[in-house]
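The values are calculated or read from the model by the stated rules, or taken from the named source; none is laboratory data. Bear in mind that the values here come from a model prediction, so they are computed numbers and not experimental data. Here the Cβ positions follow ideal geometry from the backbone for every residue, glycine too, while neighbour counts run over all protein chains shown.
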């Protein structure tokens, strides 16, 4: 009989944690285990978890997001594992849809679906994955999966590949997806199964970190694409896509910091852009100059 663990790594997010646990408990296909790994929180996290007697609670010293996620892998007892960050939520159909897909595709190291935003009205998400593609090439081009909460992993595969690598923190999830897709089949069933929260403290809004990590993660793919033209083309497209995603945003963040008198922050932003994508400085300046040109 297949068993599924939902594991929730958390750090100082007591204000959101109950929603995450409730969403794990509200599955139409109940989880066989719900696990919370507390990464050394200093807020009311222990008191929140104490309200749920059926949730297993593990506390550790802070080891970063990769450390807490890897502890989830080590501690989980299920054959399959869903990793739910404590500021997000699962929809009630997650485990049912994921289990159905894993039965239909038992060869898959993981199955994944789609998500929707919540927490901001002006954000949108478009799932960009065609059925049955070469998933490694697709992931090189863009991270169509998004956050790991849409995935149900085979736990033994996570153990074999070594889990999340803190060398790529900020893009560690993307690096893990690529590492798995190079070695194993994966499958996307496209069903919307989770909700991804947007808020000011969110890791994915740390633009400089995301740019640096994304470029390091892509450089790590170079040995695996050598001599494979289709992968080289996907690699080039993926580098361009990730630069566009973060570089110009970081440039304007630096401009705003400079206007506010935060010179060190501005220098950090602009130095990071110039190192990873100097064209991102040229493009907005050119547009600005063009807009000022007399007609």
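Can you tell me which residues in region 30-55 are surrounded by fewer than 16 Cβ atoms within 10 Å (Cβ to Cβ) and touching a helix residue (DSSP H, G or I) at 6+ places or on another chain (Cβ under 6 Å)?
43, 44
Conditions first: (1) closer than 15 Å to residue 20 by Cβ; (2) out of contact with any helix residue (DSSP H, G or I) (no Cβ under 8 Å at 6 or more places or on another chain). Residue 89 passes all but one, so which condition is the exception?
Every condition holds for residue 89 apart from (2).
Being crowded, with 19+ Cβ neighbours inside 10 Å and in contact with a strand residue (DSSP E or B) (Cβ under 8 Å, 6 or more places away or on another chain) narrows it down to one of 8, 58, so name that one. Even if it seems obvious, please write down each step before you answer.
On the way: 58 fails: crowded, with 19+ Cβ neighbours inside 10 Å.
One residue alone meets the criteria, 8.
Only one of these is modelled with pLDDT of 70 or more, closer than 28 Å to residue 150 by Cα and in the same structural domain as residue 116 (by TED's automatic domain parsing): 195, 233. Name it.
Testing whether each residue is modelled with pLDDT of 70 or more, closer than 28 Å to residue 150 by Cα and in the same structural domain as residue 116 (by TED's automatic domain parsing) leaves just 195.
Looking at (1) over 18 Å from residue 174 (Cα atoms); (2) free of Cβ contacts under 8 Å to residues at least 12 places away in the same chain, which one does residue 133 not meet, given that it meets all the others?
(1)
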